[in-house]
Structures are given as C-alpha cells and as structure tokens.
Amino acid sequence: MLVYILNKNDKALMPCKPRKARLLLKEGKAKVVNRTPFIIQLRYGSSGYTQPVNLGVDAGSKYIGLSATTEQRELFKATVELRQDIPKLLESRRSLRRSRRTRKLRYRPARFNNRGKKGKLAPSIQHKINSHLTIIKKVCGFIPVTNTIVETAEFDPHKLKNPDIQGSEYQEGDAMGFYNVKVAVLSRDNYNCQICQAQNTQLQVHHIRFKSHGGSDSMENLTTLCKDCHEKIHKNELKFNKKVKSFKHASHMNIMRKRLVELLKNEFDNVYETFGYLTKYHREKLGISKSHCNDAYVISHNFNAEQSNVEFLYRKVRRHNRQIHKAKPGKGGIRQRTQSPYIVNGFRRFDKVMYNGIECFITGKRSSGYFQLKKFDGTVISQGVSSKRLRLLEPIKGWLVDWRAAIPPRPKEVEVSLP
C-alpha cells in the first residue's frame, strides 16, 4: 500500500512508502489530509518531480474500473459502484406530484413548454456521466496523471439477442404482423398458461422481471399466465423461475460513450480512447483475470508495471432524502415529517465510524441517537447502537470508501511484449 502526497500548494506528487510518510508526520513536515486512501500534505516546499503516469478508465453503466500506472508499478487501483436507484426515485416523485396536483389542488393547465430540451439526457444517464467525471477528478487530485485512457464500448442489442440477425431483419421485430405486443406474446405461447398449461381460461401477460426492478416491455420479458397463477405470483405464493437478459446497461453505454469522451477532453489534456476488443486481447495475452480494475490496468497500457496488492472500493450514495413529509396523513389530517435531523449527536448518515474495533458505516440514524451500522459489503453490525459508543473516522463526502486485498496478480515476468 502506498501513501499519496500533496505539496504545499495542493499539487499531487509521486506517492511514497508508509515508512517515509510516518517519518514526515513524526517530524511535523506533513499533515494528514485524507484517511482512505491515505493522503498527506507537505508543510514545506518541494521540487515537484513526477514521472509519467497513465490513468486507465474502464467506463461502465454500473461499475467503473480505475488504474494509475507508471512503467514500473501500479500506483492506484479502484472499483467504483454507481447508483442504480434514480429511476425508481423519479417514478416515486412523479406519482406523489401527480397525486398532489389532481387531488389536493385546483385544476391547473398542463405545462408542455418545459419538455423536450435538445441534447438533454435522462437524469439517470447524466448522473452516471457526472460520476465518471467526479471520480476521475478525485484521482487526479492526489496522483499526477499525465495521460487519461478511456475504454468505451458500442453494443448492438439486436446482435446480443440474435447473433445471426442481418439485413432487413433489423426492421422486422418479433411482433411484426400482430396488432400489438400482447397479441404477439399470446400467439407465441400458443394461448397456454406457461405454469399450469391452462388454455380455456382468462389469460394475462406477465412481466417476468417486474418493471419496478428494471424490467422492460419487450417480448423476452413477457409471458402468458392464467389469472390464478398471475395473482399467486404477485402475492409471493408462486415463483416463475425464468431468467431474462437485460440490455439496459448496454443501451446506457451506447448513449454515454460519445458524451463522456467529449466532456473528458474538455476537462483534461491528453485524453485517449480505446476499445473493448483491444482490452480483451491484451488481458488474455497477459494472463490476467477478468475484473473492472484489471481491465483498467490493461487500458493504462503499462504492461510491465507491477500490480498493486490493494484495491480501493468506492460507492456513490444519496446525499439526503428530499421527501419532507410522509405520503399518508396521520390522525387529524396532520402529515408527519419523514426526515430525521441531518446531524444527530455529531454524526451523519454514511459516516465511517469505529465500533468495538470494527470499521463500519452508519446506514440508518434516529433522532434518539441510536444508529444502524453496516460494513461496506452490507453485513449488519448492529441494528441500534448509541452514538456514545462510536468514534468518527471519516465524514461522508458523497462516496463510501473502503479497501480490500486485490485479486492475486499474474506471475511476475521479466518482460511482456505485445504486438
């Protein structure tokens, strides 16, 4: 594990070993700036010598891989998990607003002039692009990055569904010749319930992956069920075990790729683009196992660099719950507040704390001062602990940050040469 260094003017320098950092802190020549990853800042002037550093970015819709390397060693590797709850929250906000406007307020004419802005992306996709920019800026803040290399990917959902598709088949969908998708699904299933095989009964079309869980209205996600089986599934009395491939993240990457590279080139110098087939070829030649941070290591294009044995984990979290009151009024028509105080006894939600020698995060807080604690991987430490028994390690800054031992690197070789 390395310690990252900033000079007196907040400029990133080359990282050092922990022993040197301990001496600098002991002699009062440096101060601690951040705990995870561990960053110190010098209190005196420095020449600012740096080496060329490549930052490899494995861009993604759900995870981001990061790896900063020199010719000799890997300075930093991380896996970043992005938020996936934004569509569900937007749908909840939409339903609550619609309820207020139709039931609790006088009629207001529809407002259509604020719709359809040119070049505007969906909030969930825009958030993912912003998260890419934020985490890259964060890494460049404590590592002197010279070149940024980004892997982008373009997916063909039709090819993913049917590898043999070609020509006019792209325009001829599965529902071609039918009145609508529902009729096409009923015809495909021979008007039989796919669980009990009932035929002469009321048939309904069921979403295998619920829309609330990210399911779509495509024919692959729809099946025919009788009314009784359909009701049992929604009451959790019956299970329909069928896996459905989701192409949501592939579609998001198709939308994000050009905008992401364009914004990175506006923010940073020396930004280059690479592609997934090159990453796969080099990774297999090097004999490196598949992971997001290992892909980023290959993307950085320093194949002889010694891989780091520490992997940092980042997770983007929601800063605050915007819903002020509960949806349903209580007795007397009084709507209770759904928010607890933002800061309770000096602690906020997602702060990193120490409890009984265990580093964990506050995932639920109560105004009484008792908190729920979990580890980064979701392991529950306690459902209710008094704030008096906690010690603050790191305040939340929009990201949960942890680290773990990295996947064992490939066997060390004298030199790796690739065409």
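One table, with the values for the structure above:
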| quantity | calculated |
| --- | --- |
| DSSP beta bridge pairing in the stretch 1-50, given as percent antiparallel to the nearest 5 | 70 percent |
| Inverse of mean 1/r across different Cα pairs in the chain, Kirkwood, Å | 25.7 Å |
| Farthest toward positive dipole pole in the stretch 174-241 [+1 Lys/Arg, -1 Asp/Glu at C-beta], among V181, Q202, N236 | N236 |
| Cα gyration tensor, the stretch 174-241 - rounded (a/c under 1.5), prolate or oblate | oblate |
| Under-5 Å amide H pairs with L238, H placed in peptide plane, nonlocal only | I233 |
| GNM top mover of S95, S131, S67 - the chain, alpha-carbon springs below 10 Å | S95 |
| Electrostatic dipole magnitude of the stretch 269-419 [Cβ: Lys, Arg +1; Asp, Glu -1; Cα centre; debye, to 20] | 1660 debye |
| Reachable aspartates and glutamates from K374, criterion Cα separation under 18 angstrom, eight or more residues apart if same chain | E81, D351, E359, E394, D402 |
| Estimated dipole of the chain in Debye, rounded to 20 [Cβ of Lys and Arg +1, of Asp and Glu -1, Cα centre] | 3360 debye |
| Tensor-based shape of the stretch 1-112 (alpha-carbon gyration tensor, a/c under 1.5 rounded, otherwise prolate or oblate) | prolate |
| Rel. contact order, % - alpha carbon contacts under 8 angstrom, at least six apart, the chain | 18 percent |
| Charge tally in the Cβ shell below 12 Å around F142, where Lys, Arg are +1 and Asp, Glu are -1, F142 excluded | +2 |
| Restraint check, K211/K285; K211/K328; K8/K137, Cα-Cα greater than 29 Å | K211/K285 |
| Shape of the stretch 1-50, Cα gyration tensor, a/c cut at 1.5 | rounded |
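Where a number appears in this text, it was derived from the coordinates with a stated rule and is not lab data. If you're wondering where the values come from, they're calculated on a predicted model, not measured in any experiment. Counting neighbours? That spans all protein chains shown, and the Cβs are built from the backbone with ideal geometry, glycine included.
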